[in-house]
């Protein structure tokens, strides 16, 4: 589904990503781990086309999309939920969700998002800015789902969310992966969430991949060396 090959990214004269390689298969959840500032969000933005790459390739379904614009990547099947959610605070929940359907030619059917998060049906007329963090994250994930992605990118989906909602989001990600065969690439700071949900992991340090493998095989020494503060 997604292959990142030898990716280098720089801001000005500072190199942020250094020769990053990773792959995410259809039906797989891969968790990108590492301390703050190691380039995880930069990598996600690069996949979405929000940051230009200096060297390397981003391949989606066998097609080199490295030079594609963000909107073309979205149409090709990449759904993106950024850190902080970034829903429209002055639009209602329903309007926020319908934004995903603009220009697609598809019916304005919110059913898939509401089936994933039934709690949203009760707040469809409520402004996005008055929702809790958990509700906002449901809107953001539901909106991404309505674009019918084949690759879903999530940047710290549990940040600032109460534990009961975290479990609901975890269950939702698992269900859409299993039902739709989505590839999921996520950044997550909570190790227990990642270990429950992800099939595979990649650990980054100083802009490079330093460890990777099946999540069940994540070694305590790797956690201590690269993830603990």
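The values are calculated or read from the model by the stated rules, or taken from the named source; none is laboratory data. As the structure is a computational prediction, the values presented were derived from the model and not from experiment. Neighbour counts run over all protein chains shown; Cβ positions are idealised from the backbone, glycine included.
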- Task: For residues that are surrounded by fewer than 23 Cβ atoms within 10 Å (Cβ to Cβ) and within 14 Å of the chain's Cα centre (by Cα), tally how many sit in segment 37-46.
- Result: 3
- Among helices (runs of 4 or more DSSP H) completely within segment 144-229, the ones holding 1 or more residues that are more than 30 Å from residue 95 (Cβ to Cβ) are 191-197, 220-226
- Message: Being crowded, with 19+ Cβ neighbours inside 10 Å and under 15 Å from the mean Cα position of the chain (by Cα) is true for just one of 188, 170, 148, 159. Which residue is that?
- Response: 188
- Query: What are the pairs, 6+ residues apart or on separate chains, where a residue within segment 62-75 that is free of Cβ contacts under 8 Å to residues at least 60 places away in the same chain has its Cβ under 6 Å from a residue that is surrounded by fewer than 17 Cβ atoms within 10 Å (Cβ to Cβ) and in a strand (DSSP E or B)?
  - Reply: 64/57; 66/57
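Yes/no per residue for (1) touching a helix residue (DSSP H, G or I) at 6+ places or on another chain (Cβ under 8 Å); (2) touching a residue at least 60 places away in the same chain (Cβ under 8 Å):
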| residue | (1), (2) |
| --- | --- |
| 129 | no, no |
| 148 | no, yes |
| 162 | yes, no |
| 172 | yes, no |
| 182 | yes, yes |
- Message: I need a count of the residues in segment 1-27 that are touching a helix residue (DSSP H, G or I) at 6+ places or on another chain (Cβ under 8 Å) and under 17 Å from residue 215 (Cα atoms).
- Response: 1
- Within segment 213-226, can you find the residues that are under 22 Å from the mean Cα position of the chain (by Cα) and either free of Cβ contacts under 8 Å to residues at least 60 places away in the same chain or buried (at least 18 other Cβ atoms within 10 Å of the Cβ) (or both)? 213, 214, 215, 216, 218, 223
- Query: Pairs, please: C-beta under 6 Å, at least 6 apart or cross-chain, first residue at positive phi and in segment 81-96, second not in a loop (DSSP other than H, G, I, E, B)?
  - Reply: 85/136; 85/137; 85/140
- Residues satisfying the stated conditions in segment 119-134, i.e. loosely packed, with under 14 Cβ neighbours inside 10 Å and either at pLDDT below 90 or under 21 Å from the mean Cα position of the chain (by Cα) (or both): 132
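Per-residue answers, yes or no, for (1) in contact with a strand residue (DSSP E or B) (Cβ under 8 Å, 6 or more places away or on another chain); (2) in a helix (DSSP H, G or I); (3) under 28 Å from residue 217 (Cα atoms):
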{"residue": "22", "(1), (2), (3)": "yes, no, yes"}
{"residue": "42", "(1), (2), (3)": "yes, yes, yes"}
{"residue": "47", "(1), (2), (3)": "yes, yes, yes"}
{"residue": "50", "(1), (2), (3)": "no, no, no"}
{"residue": "53", "(1), (2), (3)": "yes, no, no"}
{"residue": "89", "(1), (2), (3)": "yes, no, no"}
{"residue": "94", "(1), (2), (3)": "no, yes, no"}
